[in-house]
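Report on one structure; see the data block that follows.
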Amino acid sequence: MKRQQVLDKIDRAWREFNDSFTGLTETQMRQSGVTSEWSVKDIIAHVNTWEEEALKYLPVILKGGRLPRYSDMYGGIDAFNALMTEQKRTLTLAEILTRLNNVHEQLIEYLQTIPEEEFRSGSRIQKRVRWDTYAHYPMHTQAIHTWRERLSEKNS
């Protein structure tokens, strides 16, 4: 896979993710129950967290370094997700959206600096980018769409 193909996949999935919550009111975005107890705001913060993780660890991967294990550091991915969600819960929706867009922009800019050969299929860089972006966003896009459908049915 080439860098531009990766960037195109990210862009497409990113737009779909953003479209999934476009038009919701702030009250709706703060309503829990979209995914378990998470709200749309929590999901946005979660996606932001994983892009931050990508920015943190892609340089380590690029240098051939070893990544710390979430199980060792936090007790697992679920524990990490819960901790980060709780930490970001105090942020306003405006702060979350600003962070989301700023970090995404930084990530795209960073990806453009990575050597083309690092995007080969199966590389550590390519896997991390996929997990934290274009394979990750659609799960949450679908959850928001499903929740919106339930909301719509409930209100009709």
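When Thr141 is tested against (1) in contact with a Ser or Thr (Cβ under 6 Å, 6 or more places away or on another chain); (2) open to solvent by 20 Å² or more (accessible area, probe 1.4 Å), exactly one condition is not met: (2). Residues in segment 75-106 that are of a type outside the set (D, E, K, R), in contact (Cβ under 8 Å) with a residue 24 or more places away in the chain and either more than 19 Å from Ser32 (Cα to Cα) or outside any loop (DSSP other than H, G, I, E, B) (or both): Asn81, Met84, Thr85, Leu93, Ile96, Leu97, Leu100, Val103, His104, Gln106.
Among the residues of segment 66-86, what is the count of those that are closer than 22 Å to His140 by Cα and charged (D, E, K, R)? Before you say what the answer is, go through the steps one by one.
In the first step, residues of segment 66-86 are kept if they are closer than 22 Å to His140 by Cα; the result is 70, 76-86.
Okay, now just the ones that are also charged (D, E, K, R), so 78, 86.
So the count comes out to 2.
Candidates Glu117, Glu109: the one that is open to solvent by 50 Å² or more (accessible area, probe 1.4 Å) and either within 30 Å of Ser39 (Cα to Cα) or of a type outside the set (Asp, Glu) (or both) is Glu109. No other residue among Leu67, Leu91, Leu55 is at pLDDT 95 or above and more than 16 Å from the chain's Cα centre (by Cα) apart from Leu91.
Residue-wise test of (1) surrounded by 15 or more Cβ atoms within 10 Å (Cβ to Cβ); (2) polar (S, T, N, Q).
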{"site": "Ile10", "(1), (2)": "yes, no"}
{"site": "Asn18", "(1), (2)": "yes, yes"}
{"site": "Thr22", "(1), (2)": "no, yes"}
{"site": "Thr27", "(1), (2)": "no, yes"}
{"site": "Ser32", "(1), (2)": "no, yes"}
{"site": "Thr35", "(1), (2)": "yes, yes"}
{"site": "Val40", "(1), (2)": "yes, no"}
{"site": "Thr49", "(1), (2)": "yes, yes"}
{"site": "Lys56", "(1), (2)": "no, no"}
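May I ask you to say which residue of Gly64, Gly33, Gly23 is farther than 22 Å from Glu117 by Cα, out of contact with any helix residue (DSSP H, G or I) (no Cβ under 8 Å at 6 or more places or on another chain) and not in a helix (DSSP H, G or I)?
On the way: Gly64 fails: farther than 22 Å from Glu117 by Cα; Gly33 fails: out of contact with any helix residue (DSSP H, G or I) (no Cβ under 8 Å at 6 or more places or on another chain).
Sole residue among the options that is farther than 22 Å from Glu117 by Cα, out of contact with any helix residue (DSSP H, G or I) (no Cβ under 8 Å at 6 or more places or on another chain) and not in a helix (DSSP H, G or I): Gly23.
Among residues of segment 111-133 that are in a helix (DSSP H, G or I), those with a Cβ under 8 angstrom from a residue that is open to solvent by 20 Å² or more (accessible area, probe 1.4 Å) and acidic (Asp, Glu), sequence gap 6+ or separate chain, pair up as Ile125/Glu118; Gln126/Glu118.
For Leu91, state whether it is closer than 29 Å to Thr22 by Cβ and open to solvent by less than 10 Å² (accessible area, probe 1.4 Å). So Leu91 does not fit the description; no.
Given the structure, is Ile43 in contact with a strand residue (DSSP E or B) (Cβ under 7 Å, 6 or more places away or on another chain) and under 18 Å from Asp132 (Cα atoms)? Spell out the reasoning first.
Numbers: in contact with a strand residue (DSSP E or B) (Cβ under 7 Å, 6 or more places away or on another chain): yes; under 18 Å from Asp132 (Cα atoms): yes.
Yes.
The values are calculated or read from the model by the stated rules, or taken from the named source; none is laboratory data. Just so it is clear, the structure is predicted and the values come from calculations on it, not from any experiment. Reconstructed Cβ throughout: ideal geometry from the backbone, glycine too, with neighbour counts over all protein chains shown. Just the protein is used for accessible areas: all its heavy atoms, side chains included, with ligands, DNA and RNA removed. Shrake-Rupley method; radii C 1.70, N 1.55, O 1.52, S 1.80 Å.
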